[in-house]
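Let me begin by presenting the structure, written as structure tokens, before commenting on it.
The values are calculated or read from the model by the stated rules, or taken from the named source; none is laboratory data. For clarity, every value in this text was computed on a predicted model and none was experimentally measured. Here Cβ is always computed from backbone atoms with ideal geometry, including for glycine, and neighbour counts include all displayed protein chains. When the accessible area is computed, the model is the full protein with side chains, heavy atoms only, and any ligands, DNA or RNA have been set aside. Shrake-Rupley method; radii C 1.70, N 1.55, O 1.52, S 1.80 Å.
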Amino acid sequence: FIDIGANSGFFTLLASRRVGSHGKVIAFEPVQSMRNRLTEGISLNAMKNVSVEGVAVSNIEGTLPLFEGPEGHKGISSLREIDKAAMTIQVKTIPLDNFYAQLSDVKLIKIDVEGAEQLALNGMQQILDNYHPYLVIEVTDGFLRAFGHGAIQLARHLTSKGYRMYEI
């Protein structure tokens, strides 16, 4: 299980229990305060099958500005400019395909990155093509448009790869 935009780790912790001792969870969270909560939850629950990466998953390897959400609402932090950002920080970005050699199989990927979902998908083409994992993606058309994408474009991209879309 791969959790992109792990936040404080709700889905990471659920997945850790589900994949069990033979499975693996990789959680990506670039915001330090959220990553601290995530690692604290992992530690409190003695989860040995979770690794945490302090980078943003995107389509490029590099560094981009991240607009950190206000205190008490860090979950809205994004690579897109947001209202009432507490601060702007520089974060390392990496395509998920850079992890391909370390992966044996990927069953499920959750992506909640406040509008940068298409960028994340563009950086995991090898994983999508070879593992065809289930995807749970937050899709907010207005947020995607901040990067020149949209919900229809994202849906077309995924359907061209054999995915079917469902609303939860």
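Which condition breaks for Tyr166 when tested against (1) open to solvent by 30 Å² or more (accessible area, probe 1.4 Å); (2) modelled with pLDDT under 95; (3) within 18 Å of the chain's Cα centre (by Cα); (4) of a type in the set (Ser, Thr, Tyr)?
Result: Tyr166 passes all but (3).
Tally time: how many residues in the range 17-36 are in contact with a Gly (Cβ under 9 Å, 6 or more places away or on another chain) and closer than 25 Å to Val139 by Cβ?
Going through the range 17-36 one residue at a time, the tally reaches 7.
Identify, from the list Gln153, Gln118, the residue that is open to solvent by less than 40 Å² (accessible area, probe 1.4 Å), in contact with a helix residue (DSSP H, G or I) (Cβ under 9 Å, 6 or more places away or on another chain) and over 16 Å from Ala27 (Cβ atoms).
Gln118
Taking the residues in the range 26-53 that are of a type outside the set (Val, Ile, Thr), surrounded by 16 or more Cβ atoms within 10 Å (Cβ to Cβ) and outside any helix (DSSP H, G or I) as candidates, determine which candidate is farthest from the chain's Cα centre (by Cα).
Within the range 26-53, the subset of a type outside the set (Val, Ile, Thr) is 27-30, 32-38, 40-41, 43-49, 51, 53.
Narrowing the set further to residues that are surrounded by 16 or more Cβ atoms within 10 Å (Cβ to Cβ) leaves 27-30, 34-35, 37-38, 41, 47, 49, 53.
Next, from what is left, pick out any that are outside any helix (DSSP H, G or I): 27-30, 47, 49, 53.
On the way: Ala27: 8, Phe28: 6, Glu29: 7, Pro30: 10, Met47: 20, Asn49: 18, Glu53: 10 Å.
Step by step, filter the range 26-53, then rank; the result is Met47.
Does the range 14-25 contain at least one residue that is open to solvent by less than 10 Å² (accessible area, probe 1.4 Å) and among the β-branched types (Val, Ile, Thr)?
Yes, some residue in the range 14-25 is open to solvent by less than 10 Å² (accessible area, probe 1.4 Å) and among the β-branched types (Val, Ile, Thr).
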